[in-house]
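Structure record follows, encoded as structure tokens.
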Amino acid sequence: MLESNILWVSEYNLTESLQDKPACLLMVISEPDKDVRFHSISDFITAANTLGSRCFFAIMSGERNYKFTKSHSIKDEKAYFFFRYGILIHQFNGKTTTEGLVDFTMSKTGIPFTTFDDYVTAQDFIEGHENVLVLYSNSLKGKLFDKFNSIASQMRDNISFGLCPDEEIALELDIESSPALVLYRNADKQKIFYKDSLKDSTEKDISSWLTYNMKPMFHPFNINNQKSYIGGLPVALFFTPVDIDAKNEAFKFISKLAAQYSNDLYFAQIDAVTGNRFMQSLGFSRYADPCVAILHYQNKKPLKYLYDEEAEWSFEDVSNFFGEFLDGKLKPRIKKSKLPENDKGPVFEVNSDTLNETIRNNTVILYYEPWDNVYNAFLKQFEEVAKEYLNRIKFTKINVAENDIFTGMRIKSTPAIVLYNKGEKILFKGELTKKELINFLKDELDDFMDL
């Protein structure tokens, strides 16, 4: 130990050394240059001396602690990790100067709650964080305050804490009596009161209540990263109005359903303006909100189960819809394009209904989107190959924008050509030209050897 708040640690004593430290910044250094190494450690120790007992600073040799560097994928000559009571909270990637280290550590070790001086400050703070626990109390000392301060110090990395000592501000926030402990959960607009005795409850009682209630009943729908839902629970997706009052009513409606079905369904929400194009792509009309669909992400394209937008929007009816889905009584809605009435080829159009049967037989399928210039430029050559060799193999195409495709090869981009032959699926990887396509078929099909 160099100073009272500076430690030398290894991967073997790290947990034991930090488990009783409310805040500790760890530097793992592997710098081979002695001068750079000296200056890095010097900046680190200066930051430690600046902050004193407010935070502990630990130094670990990266070369001598290979297991730690490997398990945390450390590739740089130095890396910084912030721990609270021996638990890794955050990896610091900011400026590693003395000033940068001090600023970061100050942000992690200051007063663990924000005091509300006026209504605007309080409202902005509550609405600006995902989860906020507020203590309404005009006493800034005593056992209740000590419990609140201790919980805030331990849980500040997972939730924001506010203190409102002014009764007038509390009344403006619709809190009629104090002391009161209130959790604001913004993901689903919930305001949850701690109902047990604040005087008799222990820190553990309040912390357990807080941990349990921090989880929202539903979540914002991640429309730009839907692959995160693959393999998880089916998603009950609600499209909600943008009008504040209508939206709040919809949130209450969703929360009530989520309380009943959250073990079987993942509840998500998006407003009907932001998600309008996606809402229509599922099969709803433009102004269908509020509406709900169940999306089962077994792969990139989910199976879709739509609640009839013309049906009554009641808790009982939507609940029955969920129940029928979970009982396996609903069939998914599969988007399919309309086929030509008299399709004479030479390239035959298929859709999601006829694709599976088409794949069973030997066929060449062109996956396309009608607005794609590359597809449109190549289509005539594809038709020429199809017309010339129609008696040897069937040539087909499918509009991927108008069909939900769950069978065959998973296509990552269009246009794409896949040969289905004797149970095999073979992706064409050559240039989109008549000559390249014929050469591909010669290589893959015995019947084409004489071409």
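The values are calculated or read from the model by the stated rules, or taken from the named source; none is laboratory data. Computed from a predicted structure; not experimentally measured. Positions of Cβ are backbone-derived with ideal geometry, glycine not excepted, and every protein chain shown enters the neighbour counts.
With the checklist (1) of a type in the set (A, V, I, L, M, F, W, C); (2) in the same structural domain as residue 130 (by TED's automatic domain parsing); (3) in contact with a helix residue (DSSP H, G or I) (Cβ under 8 Å, 6 or more places away or on another chain) in hand, flag the one item residue 209 doesn't pass.
(3)
Scanning region 102-141 for residues that are free of Cβ contacts under 8 Å to residues at least 24 places away in the same chain and among the hydroxyl-bearing types (Ser, Thr, Tyr), which turns out farthest from residue 49 (Cα to Cα)?
The qualifying residue farthest from residue 49 (Cα to Cα) is 121.
I'd like to verify a number: residues in region 305-318 that are surrounded by fewer than 14 Cβ atoms within 10 Å (Cβ to Cβ) and not in a loop (DSSP other than H, G, I, E, B), how many?
Within region 305-318, residues that are surrounded by fewer than 14 Cβ atoms within 10 Å (Cβ to Cβ) and not in a loop (DSSP other than H, G, I, E, B) number 3.
Do the conditions hold for residue 393, that is, is it β-branched (Val, Ile, Thr) and at pLDDT below 95? Can you show your working first?
Values: β-branched (Val, Ile, Thr): yes; at pLDDT below 95: yes.
When the stated conditions are applied, residue 393 passes them.
So which residues in region 133-157 are farther than 19 Å from residue 89 by Cα, buried (at least 20 other Cβ atoms within 10 Å of the Cβ) and of a type in the set (A, V, I, L, M, F, W, C), if there are any at all?
Scanning region 133-157 gives 133, 134, 135, 148.
Testing residue 277 on (1) more than 23 Å from residue 316 (Cα to Cα); (2) part of a loop (DSSP other than H, G, I, E, B), one condition comes back false. Which one is that?
For residue 277, the exception is condition (2).
Residue by residue through region 317-373, note down the ones that are within 37 Å of the chain's Cα centre (by Cα) and at positive phi.
Scanning region 317-373 gives a single hit, 328.
Can you tell me which residue is surrounded by the fewest Cβ atoms within 10 Å (Cβ to Cβ) among those in region 329-359 that are free of Cβ contacts under 8 Å to residues at least 40 places away in the same chain and more than 26 Å from residue 282 (Cα to Cα)?
Restricting to residues being free of Cβ contacts under 8 Å to residues at least 40 places away in the same chain and more than 26 Å from residue 282 (Cα to Cα), the top hit is 342.
Mind checking which residues of region 360-384 are over 30 Å from residue 332 (Cβ atoms) and surrounded by fewer than 20 Cβ atoms within 10 Å (Cβ to Cβ)? Steps first, please.
Pass one, region 360-384, residues over 30 Å from residue 332 (Cβ atoms): 373-374, 376-384.
Passing the criteria: 373, 374, 376, 377, 379, 380, 381, 383, 384.
From the list 377, 416, which one is of a type in the set (A, V, I, L, M, F, W, C) and farther than 19 Å from residue 301 by Cα? Step through it out loud before you land on a result.
Values: 416 fails: farther than 19 Å from residue 301 by Cα.
From the options 377, 416, the qualifying one is 377.
Can you name every residue in region 188-236 that is over 14 Å from the mean Cα position of the chain (by Cα) and part of a strand (DSSP E or B)?
Result: 190, 191, 192, 193, 236.
Would you please list the contacts, defined by Cβ atoms under 6 Å and residues six or more apart or on different chains, that run from a residue in region 236-249 that is assigned by TED's automatic domain parsing to the domain that holds residue 319 and without any contact (Cβ under 8 Å) to a residue 60 or more places away in the chain to a residue that is among the β-branched types (Val, Ile, Thr) and part of a helix (DSSP H, G or I)?
238/254
Looking at region 256-281, I want the residues that are not assigned by TED's automatic domain parsing to the domain that holds residue 401 and have a partner that is among the charged types (D, E, K, R) and surrounded by 13 or more Cβ atoms within 10 Å (Cβ to Cβ) with Cβ atoms under 6 Å, at least 6 apart or on another chain. Which pairs are those?
Note: pairs meeting the criteria are 272/289.
Tell me, yes or no, whether region 162-176 has at least one residue that is surrounded by 15 or more Cβ atoms within 10 Å (Cβ to Cβ), in a loop (DSSP other than H, G, I, E, B) and touching a Phe, Trp or Tyr at 6+ places or on another chain (Cβ under 6 Å).
yes
Suppose the filter is touching a helix residue (DSSP H, G or I) at 6+ places or on another chain (Cβ under 6 Å), without any contact (Cβ under 8 Å) to a residue 24 or more places away in the chain and of a type in the set (D, E, K, R); does residue 442 pass it?
Values: touching a helix residue (DSSP H, G or I) at 6+ places or on another chain (Cβ under 6 Å): yes; without any contact (Cβ under 8 Å) to a residue 24 or more places away in the chain: yes; of a type in the set (D, E, K, R): yes.
For residue 442, the condition - touching a helix residue (DSSP H, G or I) at 6+ places or on another chain (Cβ under 6 Å), without any contact (Cβ under 8 Å) to a residue 24 or more places away in the chain and of a type in the set (D, E, K, R) - is met.
Please list, ordered by first then second residue, the pairs with beta carbon atoms under 8 Å, 6 or more apart or interchain, first in region 201-217 and at negative phi, second basic (Lys, Arg).
If the second residue must be basic (Lys, Arg), the pairs left are 201/147; 202/147; 203/147; 206/147; 213/185; 214/185; 216/185.
Residue pairs, Cβ under 7 Å, 6 or more apart or interchain, first in region 156-182 and under 23 Å from residue 200 (Cα atoms), second among the aliphatic types (A, V, I, L, M) and exposed (fewer than 14 other Cβ atoms within 10 Å of the Cβ). List them.
Pairs found: 165/140.
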